[in-house]
Amino acid sequence: MISSAYDTAVVILSYNGKKWHELFLPLIVAEAEGQYDVVLVDNASTDDTLDYIQQNFPTVKTLQIAVNRGFANGYYEALLLVQAKYYVLLSADFEVTHHWFQPLLHAMQRYEGLAACQPKIRYWREREYFEYAGAAGGFMDHLGYLFCRGRVFDALEKDHHQYDDDIETFWASGGCLMVRADLYHHVGGLDRDLYAHMEEVDLCWRLKNAGYKIGYIGGSTVYHVGGSVISYGSPQKLYYNFRNSLILLLKNEKSAKLLWLFPLRLLLDGVAGVQMLASGKFKEMLIIVKAHFHFYGSFGKWWKRRKTAQKLITLRNESGIYPKSIVWQYFALRKKSFDKLGYTPRRLS
């Protein structure tokens, strides 16, 4: 068991991440002084990551997981062993900036009912742009499709300081997520069986269903390399995108809405598969089929998870749900930036 000397433990999950720690850990550790503990969790690496950390960063506390069962499972196991008031889940391929931490901490202390939040996430390789996995806060449309302020599908916006505010979102990026430890454990933590995609959305949805707020804090900035766990556009990413989106709906959506939404999403997934087949993307079409069959094959397990999640519901907080179809807005109406959507997020208060 690791007990943080401060209110916050910054927990970094690493799998063969030595090259990222050489680049990014020095500033993370330098910024930690007097503010937070750094805990590095080695997720059964096959390189010398753990030895490197112990030899070069003696203030960093370490945990080791014997078998790598994915990103979500790594954090699930590790956070059972870390005691703190707040966790920051920070992926190994994130570069922090000077004074990145204080705005997040102040937000958690200032805003009533704020369970979790994220900073502004910009792209490490093209630093003026927002980054795919989180950007300026995560949203969901009324059909369950996810997008970000600053990134709608594959369209990334430049950061012109248009999103420097503090707002309420529907979900916050798991790449750099500050969350109250007691609430994290109260709702059951990350679902270890989601493996490595949408696990933070599932966590945030459960927190929202329990009546809490999820936020974006524009005064903090970090940079993300991206694609180091699952490459963007890869078959693995496509598989988890389709499978896990169905799981999230089944676990967390209202029963009355699920009756019509779930069949509609199955139909839309079928349309997507036919479009891929018509475009000659036979492998991608088979991945969608595989995702659905794996979901159906484990339906009993996910239904039990729904029963557990539904017991935690108090007053659903639906702020951050876009009332229109983001697919229609983007592909049919060609609205490719957040400001074109006609939606104003609620400010944190």
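Name the one entry in LEU266, LEU261 that is more than 22 Å from the chain's Cα centre (by Cα) and either surrounded by 14 or more Cβ atoms within 10 Å (Cβ to Cβ) or among the basic types (Lys, Arg) (or both).
Details: LEU266 fails: either surrounded by 14 or more Cβ atoms within 10 Å (Cβ to Cβ) or among the basic types (Lys, Arg) (or both).
Testing whether each residue is more than 22 Å from the chain's Cα centre (by Cα) and either surrounded by 14 or more Cβ atoms within 10 Å (Cβ to Cβ) or among the basic types (Lys, Arg) (or both) leaves just LEU261.
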Completion exercise
Expected single match for buried (at least 23 other Cβ atoms within 10 Å of the Cβ) and among the hydrophobic types (A, V, I, L, M, F, W, C) among VAL82, VAL60, VAL67, VAL88 is VAL88
Practice task
State all residues of the stretch 187-207 that are part of a helix (DSSP H, G or I) and buried (at least 22 other Cβ atoms within 10 Å of the Cβ); if no residue qualifies, say none.
Solution key: LEU194, GLU199, GLU200, VAL201, ASP202, LEU203, CYS204, TRP205, ARG206, LEU207
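Please go through the stretch 302-341 and pick out each residue that is within 21 Å of TYR132 (Cα to Cα) and surrounded by fewer than 12 Cβ atoms within 10 Å (Cβ to Cβ). Lay out the reasoning, then the answer.
In the first step, residues of the stretch 302-341 are kept if they are within 21 Å of TYR132 (Cα to Cα); the result is 320-322, 325-331, 334-341.
Hit for the stretch 302-341 is ARG334, nothing else.
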Problem - Looking only at the stretch 135-153, and only at residues there that are out of contact with any Lys or Arg (no Cβ under 9 Å at 6 or more places or on another chain) and farther than 19 Å from LEU203 by Cβ, the one that is surrounded by the fewest Cβ atoms within 10 Å (Cβ to Cβ) - result: ARG151
Completion exercise
Within the stretch 40-57, residues farther than 17 Å from ILE28 by Cβ and either surrounded by 20 or more Cβ atoms within 10 Å (Cβ to Cβ) or touching a residue at least 40 places away in the same chain (Cβ under 8 Å) (or both) come out as ASN43
Problem - Residue among LYS335, LYS311 that alone is out of contact with any helix residue (DSSP H, G or I) (no Cβ under 6 Å at 6 or more places or on another chain) and of a type outside the set (Ser, Thr, Tyr) - result: LYS311
Exercise for the section: Would you please list the contacts, defined by Cβ atoms under 9 Å and residues six or more apart or on different chains, that run from a residue in the stretch 181-203 that is in the same structural domain as TYR6 (by TED's automatic domain parsing) to a residue that is β-branched (Val, Ile, Thr) and at pLDDT below 95? Expected result: TYR195/ILE230; ALA196/VAL229; ALA196/ILE230; HIS197/VAL229; HIS197/ILE230
Fill in the blank from the handout: Being touching a residue at least 24 places away in the same chain (Cβ under 8 Å), part of a helix (DSSP H, G or I) and not aromatic (Phe, Trp, Tyr) narrows LEU277, LEU286, LEU261 down to just LEU261
Handout entry: Residue identified as among the hydroxyl-bearing types (Ser, Thr, Tyr), surrounded by fewer than 24 Cβ atoms within 10 Å (Cβ to Cβ) and in a loop (DSSP other than H, G, I, E, B) among TYR184, TYR132
Key = TYR132
Handout entry: ILE288 being outside the structural domain of ASN16 (by TED's automatic domain parsing), more than 19 Å from GLU200 (Cα to Cα), of a type outside the set (Gly, Ala, Ser) and surrounded by 15 or more Cβ atoms within 10 Å (Cβ to Cβ)
Key = yes
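What tally of residues in the stretch 69-99 results from selecting those that are of a type outside the set (Val, Ile, Thr), more than 21 Å from LEU203 (Cα to Cα) and assigned to a loop (DSSP other than H, G, I, E, B)?
The first filter runs over the stretch 69-99 and keeps only residues of a type outside the set (Val, Ile, Thr), leaving 69-81, 83-87, 89-95, 98-99.
Next, from what is left, pick out any that are more than 21 Å from LEU203 (Cα to Cα): 93, 95, 98-99.
Then keep just the ones that are assigned to a loop (DSSP other than H, G, I, E, B); that gives 93, 98-99.
So the answer is 3.
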Practice task
Could you tell me whether the stretch 97-118 includes any residue that is crowded, with 22+ Cβ neighbours inside 10 Å, within 13 Å of the chain's Cα centre (by Cα), over 19 Å from TYR216 (Cβ atoms) and in contact (Cβ under 8 Å) with a residue 40 or more places away in the chain?
Solution key: no
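Here is a yes/no grid of residues against (1) farther than 22 Å from LEU104 by Cβ; (2) acidic (Asp, Glu); (3) within 15 Å of the chain's Cα centre (by Cα):
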site	(1), (2), (3)
GLU128	yes, yes, no
ALA135	no, no, yes
PHE139	no, no, yes
PHE147	yes, no, yes
ASP154	yes, yes, no
LEU177	no, no, yes
TRP205	no, no, yes
TYR212	no, no, no
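The values are calculated or read from the model by the stated rules, or taken from the named source; none is laboratory data. All of these numbers come straight from a predicted model, not from anything done at the bench. Please note: Cβ atoms are built from the backbone with ideal geometry, for glycine as well, and neighbour counts cover all protein chains shown.
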